[in-house]
1. In the range 427-464, what count of residues is obtained for those that are within 18 Å of GLU396 (Cα to Cα) and among the aliphatic types (A, V, I, L, M)?
2. Please find, among PRO231, PRO246, the residue that is closer than 24 Å to ILE18 by Cα and in the same structural domain as PRO268 (by TED's automatic domain parsing).
3. Examine the range 341-349 for a residue that is in a loop (DSSP other than H, G, I, E, B), at pLDDT 90 or above and in contact with a strand residue (DSSP E or B) (Cβ under 7 Å, 6 or more places away or on another chain), and state whether such a residue exists.
4. Right, VAL307: in a helix (DSSP H, G or I), crowded, with 24+ Cβ neighbours inside 10 Å, touching a Gly at 6+ places or on another chain (Cβ under 8 Å) and modelled with pLDDT of 95 or more or not?
5. Filter the range 411-421 down to residues that are farther than 16 Å from PRO389 by Cβ and either in contact with a helix residue (DSSP H, G or I) (Cβ under 9 Å, 6 or more places away or on another chain) or at pLDDT 95 or above (or both), then give me how many there are.
6. What pairs come up if the first residue lies in the range 444-464 and is farther than 15 Å from ALA408 by Cα, the second is basic (Lys, Arg) and not in a helix (DSSP H, G or I), and their beta carbons are under 8 Å apart, counting only those six or more places apart or on different chains?
7. Report whether or not ASP238 is assigned to a helix (DSSP H, G or I) and either within 13 Å of the chain's Cα centre (by Cα) or within 25 Å of ARG338 (Cα to Cα) (or both).
8. Return the pairs, sorted by first residue and then second, in which the second residue is surrounded by 15 or more Cβ atoms within 10 Å (Cβ to Cβ) and of a type in the set (Ser, Thr, Tyr), the first residue lies in the range 59-79 and is under 16 Å from VAL43 (Cβ atoms) and modelled with pLDDT under 85, the beta carbons are less than 6 Å apart, and the residues are 6+ apart or on different chains.
Amino acid sequence: MELPPSLRELLEEPPDEIRLVGTTVEEVLHALVDQFPVLQHHVFAPAGTLRTSVIVLVNDDDIRYRQRGRTPVGPKDRIVLVPALAGGAPAARRPRRRTAELSSEERHRYSRHLLLPEVGESGQRKLRRARVLLVGAGGLGSPAGLYLAAAGVGTIGIVDSDSVETSNLQRQVLYDVASVGRSKVTRATTRLRELNPHVRVVPHRVRLTSQNALRILRGYDVVVDGTDNFPTRYLVSDACALLGKPDVFGSVYRFEGQVSVFDARRGPCYRCLFPEPPPPELVPSCAEGGVLGVVPGLVGLCQATEVLKLILGIGEPLVGRLWLLDTLAGSSREVRVRKNPRCPVCGRHPTQRALIDYPAFCGVAGSSERVPEVTPLALARELEREHPPVLVDVREPGEWAIAHLPRARLVPKGSLAERVDGLPRRRPIVVYCKSGSRSATAVRFLLDHGFVDVRSLSGGIDRWAEQVEPTMPRY
């Protein structure tokens with residue numbers, strides 16, 4: 001991509017070379033404005049169409065005489081923007097920020113950084129120029145976001161489509177009671193801006209998918225993986241590998257944590273560590289297995305530390321190393337991870353050059369694999385009959401102790417295969433869990449083993465409490 005002087009002067013620090021990813025001119029230009037938002041209104045009209053006051057050339061050919069924004073481009077194509085010029089001296093424009101100096105207020109704010117020889121004023125300017133994306137604004141993204149904003153990282157993007165729930169407050173320290181029911185991205189953006197007005201926070205209130213991941217991630221220097229599910233984790237890793245960006249990984253479960261830096265340019269990616277995900281039924285989420293509230297805090301802070309090391313170019317980032325934390329034992333250890341030469345994404349001869357269907361890759365059932373369900377209100381009516389269905393609770397004993405349905409049988413999902421012969425085959429069965437995910441997996445298992453009249457409670461016991469029994473404890 002080649003920018004004329006009139007557009008380059010709008011950038012605080014114009015790079016010597018601009019390389020962007022896209023298969024069409026329009027995709028490349030969207031990547032351009034994602035990376036340099038100040039160019040948005042110079043390239044695109046408010047309606048989202050290309051401005052007619054800018055000529056776009058691909059290898060000196062005007063795209064207006066080809067396929068306009070749909071004109072295909074390849075890795076060796078050169079795109080040049082030619083804006084209309086009025087002539088004469090430029091009008092008064094937004095003054096460019098002097099990146100060579102920090103303001104007196106910034107020097108005071110970051111004084112403890114400036115005292116460190118490894119950081120100093122030049123390092124603080126690096127932090128101010130950096131762009132970091134948080135994928136997930138939950139237990140890991142909360143502490144990471146707070147400390148990156150406090151450190152003065154200039155641009156922090158946040159991707160999350162969820163709203164705040166009361167059960168989040170035990171560990172997701174970005175939020176308070178007033179945040180419950182509101183968008184995580186909206187509340188996180190407000191909180192980080194209040195913490196440090198020098199930081200630009202970019203909200204992305206969407207679910208990261210194969211369709212939008214490359215477009216969103218390419219505008220950032222470092223990506224922080226704060227996800228809690230395998231499809232999104234593999235998506236983030238693959239997107240970072242394809243874009244050549246470091247993926248600062250973190251994961252927690254109960255009292256344990258893991259941290260690493262996956263950078264396919266100089267080390268392994270997540271697929272090199274785990275080529276395939278485990279079966280969904282073998283790995284419960286924090287909502288199912290629980291997590292000690294401080295553990296995401298410890299892991300998120302370690303992720304923030306790795307981000308700062310990468311930006312500043314100091315220390316030894318956890319590239320090729322997996323750090324394991326056990327808070328109950330008060331111990332940690334390190335596992336060396338080698339780059340897999342046969343990795344389909346970052347190996348010597350990669351076979352995957354685009355993002356894929358990650359729910360399918362991870363064995364997460366799609367809509368076409370839905371199981372028979374019953375709503376809480378319909379089940380409540382059935383339970384009043386003379387011959388009600390058998391209730392099977394596939395949650396863990398700790399969840400059962402919080403709340404359960406009357407006359408239900410506790411059969412944790414992990415022990416279902418051992419106890420399947422003890423379930424009645426001639427009576428209707430309704431399986432339930434917290435939200436409906438584990439029960440759907442259990443229903444598939446029972447149907448595969450000859451059971452006929454088996455259904456999953458839609459929305460689980462959580463929706464039952466919401467619609468049928470409001471006094472029931474929720475978690």
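1. Qualifying residue count, the range 427-464: 7.
2. Checking each option against the conditions leaves just PRO246.
3. no
4. Working: in a helix (DSSP H, G or I): yes; crowded, with 24+ Cβ neighbours inside 10 Å: yes; touching a Gly at 6+ places or on another chain (Cβ under 8 Å): no; modelled with pLDDT of 95 or more: yes.
In short, no.
5. Going through the range 411-421, the residues farther than 16 Å from PRO389 by Cβ turn out to be 412-421.
Checking the rest, the ones that are also either in contact with a helix residue (DSSP H, G or I) (Cβ under 9 Å, 6 or more places away or on another chain) or at pLDDT 95 or above (or both) come to 412-414, 416-417, 420.
Count: 6.
6. Matching pairs, first to second residue: GLY450/ARG425; PHE451/ARG425; VAL452/ARG425; ASP453/ARG427; ASP462/LYS434; ASP462/ARG474.
7. Values: assigned to a helix (DSSP H, G or I): yes; either within 13 Å of the chain's Cα centre (by Cα) or within 25 Å of ARG338 (Cα to Cα) (or both): yes.
Yes: the conditions hold for ASP238.
8. Going by the 6 Å Cβ cut-off, the qualifying pairs are ILE63/THR71.
The values are calculated or read from the model by the stated rules, or taken from the named source; none is laboratory data. Since the model is a prediction, treat every value here as computed from it, not as a measurement. Because the Cβ atoms are built from the backbone with ideal geometry, glycine has one as well, and the counts that use them run over all protein chains shown.
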